[in-house]
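Some notes on the structure that comes next.
The values are calculated or read from the model by the stated rules, or taken from the named source; none is laboratory data. Not measured: the values here are computed from a predicted model. Quick reminder, even Gly has a Cβ in these numbers, built from the backbone with ideal geometry, and neighbours come from all protein chains shown. The accessibility values were calculated without ligands, DNA or RNA, using every heavy atom of the protein model including side chains. Shrake-Rupley method; radii C 1.70, N 1.55, O 1.52, S 1.80 Å.
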Amino acid sequence: RLVAMADIQGEYASTNTTFVIASDSNYSLLFLAGLLNSTLYQYIYATMFSGLNMLGSFQFQAPQTKLLPVPKDSSEGVRSSLEAKVREILDGGPSNPDALRLQAELDLIVYQIWGLGDEDVRIIESAMKTAISSQVGDITGEVAEIED
């Protein structure tokens with residue numbers, strides 16, 4: 001799964017970090033973090049860059065990030081909704097018991113931004129559930145081999 005974080009204070013960095021700087025005033029870091037953490041963007045990334053999948057993990061680097069689509073015509077209200085949802089997720093911290101509900105709400109906002117219908121959403125979510133199940137199966141098989 002892709003994981004993006006809005007580091008508003010500039011406190012977190014590591015040697016394996018890809019930085020996204022919102023130089024275009026139309027997009028805040030919170031908005032971009034919301035897009036990147038959505039199931040839709042996980043699907044887009046997996047579809048566009050499946051050849052970069054290394055042992056169940058994707059490279060998340062600048063060349064790939066630059067190719068991801070960013071909506072041109074999202075209303076201020078929808079952008080604000082996504083930013084507020086990201087703030088709510090960040091405020092809850094990493095062990096938030098409402099994380100799954102908040103993720104589903106974030107996903108709905110992103111689907112709305114792109115104007116996706118119920119059938120589109122069903123296809124995306126089904127594909128991602130299948131991909132996750134496949135990865136869990138691969139890991140379970142590897143553990144079984146080690147134990148044998």
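With R₀ fixed at 25 Å, the C-beta to C-beta distance from residue 104 to residue 68 puts the FRET efficiency at about 0.70. Accessible area per residue was computed with a 1.4 Å probe on protein heavy atoms; residue 47 scores about 90 Å².
Using the Cα gyration tensor of segment 25-128, with a ≥ b ≥ c the square roots of its eigenvalues, what is the shape: rounded (a/c below 1.5), prolate (a/b larger than b/c) or oblate (neither)?
On the way: a/c = 1.34, a/b = 1.24, b/c = 1.08.
It is rounded, given that a/c, with a ≥ b ≥ c, falls under 1.5.
What FRET efficiency would be calculated for the residue pair residue 123, residue 27, taking the C-beta separation as r and a Förster radius of 25 Å, to the nearest 0.05?
That pair, residue 123 with residue 27, gives E of 0.40.
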